[in-house]
Each structure stands twice: as structure tokens, then as C-alpha cells.
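Single-structure report; data block below.
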Amino acid sequence: MKDLNLKTVSGRSGIVFDVPSLVSTFSLSDKLDPNSSYVILPGFLDVHVHLREPGFSYKETIKDGTRACAHGGYTAVCPMPNLNPVPDSLETLKVQEDIIEKDACIHVYPYASITKGEAGAELSDMEALKSHVVAFSDDGRGVQSEEMMLEAMKKAKELNAIIVAHCEVNELLKRGYIHDGEYAKEHGHRGICSESEYAQIARDIELSRKTGCAYHVCHISTKESVELIRKAKKEGVNITCETAPHYLILDDSMLQEAGNWKMNPPLRSKEDKAALIEGIQDGTIDMIATDHAPHSEEEKSRGLEKSPFGITGIELAFPLLYTKLVKEGIISMDKLIDLLVVNPRKRFGIPFDGFSIWNLDEEFVVSKEMFLSKGKATPFLGETLNAVNYLTVCNGEIVYKK
């Protein structure tokens, strides 16, 4: 058999792979087609996933969720704390840690909540939790009280911790469930206004400026959010942010009457999507996170209004971004590796820990059957994408093999 055609694409990560050694160590010669070209990529990090355990294992488990992550080329993930029990103390966090220790096949770095029970009324035991978690977040809801967020940021600054914020002003939601745009008006749906996101970002930027706290904004979706963060960065505020693949590829003109299209924040306008793309191009947006949010098929079968927010995302993230952004010349592969690997690991202090091997030319059609996650809901069903993962290795161990 002739030599395999493997090359390294490591972006600005500084990682160098010993290709002959990898082929030998992981017995790849009989697994990969010598007539195809493959790339070796450093393990991706997703700083925003929902693994649903403890409390909601019918939606996802840490075992199934991390297998799905490995399928997507991820070797490390940070699960959000909207769980039962909420990890707001060492005692409640240990419930999650025990499952991670037993069932996770990749590195899992949990968040603790900012407030007890994510209720927004009293700080979690941040001092005790600091050395056990990657950061603090009340994801799933915004911290409504300015005084509470100020207290949290002061404590986080004292502990050298990051506050990771789901930004949403509850009084502006008005029971909406998709973007307050043309589709909502034409189809009689209740809309979520853009201000519900960017108003709280503006508030938190001022609190971060005042306290010096390291501040990270979850899943931004509006053009105003991009501009606020761009301006704050220029002014020296210690701020980073993420967006998700679906906000860069879809907009509300593409909506369909199905729960697969419902997520929070919702898909916004074409103008918002264009601003997000500009934000990743100019570095305003630091990283892409999937907000992988699996639900049961029954829950997501209830349509736009009655389905819960959230879609499955981690197994499609790289193929989507490669096919829709890199192949289309919108960003380079180096930029994509910065967004998926280098920047999130630098911001959250998570070391490089593995790699994956992809055939970028191979096509596949997105189907429910391909997912290892329990969650099957995605607006990309039926799409033809490039990039198939053949192997993911974490800490020297094979965690996914095609």
C-alpha cells in the first residue's frame, strides 16, 4: 500500500504532529484510503455545551454526549450548569463530577452557577468552587439584577475567575420564541426583540469596566451586540465572546414551522448574520461554540411555539463551518482553527490534549441516524456537507474511530 496522504493543519496553535508516528501508533494504514487526502487537526474545545446530566438524562447523558463530541472532533468541552441539582456548591457539583469521572470519554470542564439555583438572588459558593470549575455562568437565563451581577463580578475579580453570561432581559421577552422580524409578523408568531440581548450586554460591559472582571458573553446573535463588544474591546474592557455556527449560516428568512428551527437566542435577520460574519473576520468574536442543546424527539416535535429552545450541534459544527465558511472563502482554515481551538483554550486556560483526522473532500448528507447524541433536532437535516472525521484521539487514547 502506498504512503498515506496526511497533512497537518494546525493554524496558529503551534502544534506539530509527527505523521509517520501517528500512522504507526494508531494503526491507520488499513483504515484510511491511500487515494484520498486527510488533514490532522488539533482537538477542538467547545466552551458552551449542555450534557444534561445530572437531572435530564432522557435528553442526553454525559456518556452519549461526550461520544458525540468526540465524533465532532472535540477533545474538551465545558458543560453549562442548568442542571438538577444546579452546581452551586461543592456538594452539588460532586454529583456531576462523579458522572464525568465514570462516563466521559473526553475532557469535561464544568461550569458552576453564578447564583444559587440559578435563581438570581444569592451568590453561589464561588470561593469554594473556583478551583473545581472552568468559570461561572447562569446559562439558560440572564442575571436580572444589576446589583447581583456587580456583586458576582467583584467576587470573580477577587478570585481571578471568569463570568460567562447568558444575556437576556426577561421583561423584554414578552413570551416570544423566534426573532421579532418579518417571518414572525407574516406567520403570526410572538417575537423576541434584539434589545433583550444587547441591553444586558451593555449593562454588563459597564460592570466589567468598573470591576476589571474577566467577562465572556455567550452565543451573541445581533449586530448591536457585535458593535458593543467591538467598542468595549477597543476601550480595554476585559471581554470575550462567542457565537454559534447556526447564527453564521442561517437567518430568520429561512425559518420553517418545526421545532428543529427553535433555539435561544433565535435566528436573527440577514443583517445580523452579516454583522456576525464581520465579527469573526475582524476578531471581535473570539470563538465559535455550538450551544449543543439536545432534547427528546417528542419535545422537539411540538412546532415553533411549543417546542423547547435548543438544537443538537456538536457533531456538525466543523463540517458546517468548513463547508459554509472556509470552502466559500469567507474565512481561512487558520482562522477557523483559531476560533475552535486556539482562542477558547487561551481564554479559559485549557491545554491542548489531542487531535482528529478528517477527509475534507468526502461528502455526507445530514440525517438523524448519523448522530451519536440523543438529540436529533437540527435545521440542517438533508444538507450535503464536506468533511468526515475518521479518528479522534484525546490524551493518547482513541475516543472515536469511524
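The values are calculated or read from the model by the stated rules, or taken from the named source; none is laboratory data. Please read all numbers here as calculations on a predicted model, not as lab measurements. Quick reminder, even Gly has a Cβ in these numbers, built from the backbone with ideal geometry, and neighbours come from all protein chains shown. Protein only, heavy atoms only, side chains kept; ligands, DNA and RNA dropped before computing areas. Shrake-Rupley method; radii C 1.70, N 1.55, O 1.52, S 1.80 Å.
Do we find a residue being of a type in the set (Lys, Arg) and buried (at least 24 other Cβ atoms within 10 Å of the Cβ) anywhere in the range 230-238? No, the range 230-238 contains no residue that is of a type in the set (Lys, Arg) and buried (at least 24 other Cβ atoms within 10 Å of the Cβ).
Where helices (runs of 4 or more DSSP H) sit wholly within the range 164-277, those with at least 2 residues that are more than 23 Å from LEU321 (Cβ to Cβ) occupy 182-187, 195-211, 223-234. If you go through the range 325-355 and pick out every residue that is closer than 12 Å to ASP46 by Cα, in contact with a helix residue (DSSP H, G or I) (Cβ under 9 Å, 6 or more places away or on another chain) and assigned to a helix (DSSP H, G or I), you end up with 2. Tell me which residues, restricted to the range 120-135, are open to solvent by 40 Å² or more (accessible area, probe 1.4 Å) and over 23 Å from the mean Cα position of the chain (by Cα). Scanning the range 120-135 gives ALA121, GLU122, ASP125, GLU127. Within the range 356-382, the set of residues being surrounded by fewer than 22 Cβ atoms within 10 Å (Cβ to Cβ), of a type in the set (A, V, I, L, M) and in a loop (DSSP other than H, G, I, E, B) comprises VAL366, LEU372, LEU381.
If only residues of the range 62-113 that are among the polar types (S, T, N, Q) and closer than 21 Å to ASP138 by Cα are counted, the one that is most open to solvent (accessible area, probe 1.4 Å) is ASN84. Apart from one condition, PHE309 fits all of (1) over 23 Å from HIS179 (Cα atoms); (2) in contact (Cβ under 8 Å) with a residue 12 or more places away in the chain; (3) of a type outside the set (Ser, Thr, Tyr); (4) open to solvent by 30 Å² or more (accessible area, probe 1.4 Å); the exception is (1).
Six or more apart or on different chains, Cβ atoms under 8 Å: show the pairs whose first residue is in the range 88-101 and more than 16 Å from MET126 (Cβ to Cβ) and whose second is assigned to a loop (DSSP other than H, G, I, E, B) and charged (D, E, K, R). Listed by first residue and then by second, the contacts come to GLN96/GLU53; ILE99/GLU53.
When you check LYS116 against the structure, is it of a type in the set (D, E, K, R), within 23 Å of the chain's Cα centre (by Cα), open to solvent by 50 Å² or more (accessible area, probe 1.4 Å) and on the phi < 0 side of the Ramachandran plot, yes or no? Judged against the criteria, LYS116 is not a match.
All of MET370, MET333 fail the test of being over 18 Å from SER37 (Cβ atoms) and in contact (Cβ under 8 Å) with a residue 40 or more places away in the chain, apart from MET370.
When the range 278-324 is filtered for residues that are part of a helix (DSSP H, G or I), more than 13 Å from LYS335 (Cβ to Cβ) and among the aromatic types (Phe, Trp, Tyr), only PHE318 remains. The set of residues in the range 136-158 being part of a helix (DSSP H, G or I), open to solvent by less than 10 Å² (accessible area, probe 1.4 Å) and farther than 12 Å from GLU122 by Cα consists of MET153, ALA156.
Here LEU385 meets each of (1) part of a strand (DSSP E or B); (2) open to solvent by 50 Å² or more (accessible area, probe 1.4 Å); (3) under 25 Å from ASP272 (Cα atoms) with one exception, condition (2). Look at (1) in contact (Cβ under 8 Å) with a residue 24 or more places away in the chain; (2) more than 24 Å from the chain's Cα centre (by Cα) and you find that ILE178 fails only one, number (2).
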